[in-house]
Every structure is written in structure tokens, then in C-alpha cells.
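Following: one structure in C-alpha cells, then a few remarks.
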Amino acid sequence: MSYRPDQLNNDRWRAMRPFIAQRAAFRCEHCHKFLGMTGHVDHIVPRSDCEDMGISVYDPSNCQYLCASCHNSKSNRERWARRGNPTCRNAKETARRVKVEGREDFLRAAGISTEHKEISDAKEHENQHGPIGPP
């Protein structure tokens, strides 16, 4: 595994960026949002794995054009998977909140409801505007 940040700080990479953007019609290849030249060129196979797989970091077939949101989501999923968390290997799954001792007491002391959103919305409305219903 060889990861060198300087690989993308050169003329070869700077010339490749517009090619990838144009190939994607200047749109995010995931959500299809128009980006112009503000998008991120993302390596489908992460750069840290390219050498092991025999792929050049400059191979355009290993690159995609993404908006910042899609790029960050993909990168975070990859980082999470590298840490060995089996619940996040599938992009559709999300991390689950861990039961922490004292969490309920903290939330209660902070005035944060742990009940369903509708109930907390009703309580917030009641606190701001008085009781709901006849007096």
C-alpha cells in the first residue's frame, strides 16, 4: 500500500481533471447535480489500493466526477470500512447509536426528549404557545 499526496500535485493530474469533468458532462456521476468545474475527481478504487491492484492513479477509468456531498459520503464509508466496522460495509446501512450509560439522564437534564419526533414537537409547541386544546 503506497499513498503519496504529491501524486495529485502535478501537471499530469491538473490536465486530467477537466477531462474527467467533461466526460461526466460536468455533473455528479452519483446524484447528477450540475457542478461545472467545482466537482471532485474521485478514485473509484482508493489511491491507497491502486498500486496493490495494478492500477495507475492516473487511470481515467478509475475516476469519477462527484459533488462534494457524494464524495464526502463515499470517502467516509471507505474510511469506516477500513476500520473494520461490519455494519457500514454496505453503503445503504448506517452506523447505529451505541447505548451509553447515563445518556438518558444527560438528555433529560439537557431538556432533550428521547421520545418520538411528533411528541417532542407537540411539547415544544406547548412550551412556546401554551397547552393545545381547550383551556
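No lab work stands behind these numbers, since they all come straight from the coordinates. Note that this is a predicted model, so its numbers are computed, not measured. Note that each Cβ is placed from the backbone with ideal geometry, even for glycine, and that neighbours are counted across all protein chains shown.
What does the charge add up to near MET16, with Lys and Arg as +1, Asp and Glu as -1, over the other residues with Cβ less than 11 Å from its Cβ? Residues close to MET16 contribute a combined charge of +2. The residues packed around MET53, meaning those with a beta-carbon under 13 Å from its beta-carbon, carry a net charge of -3 if Lys and Arg are +1 and Asp and Glu are -1.
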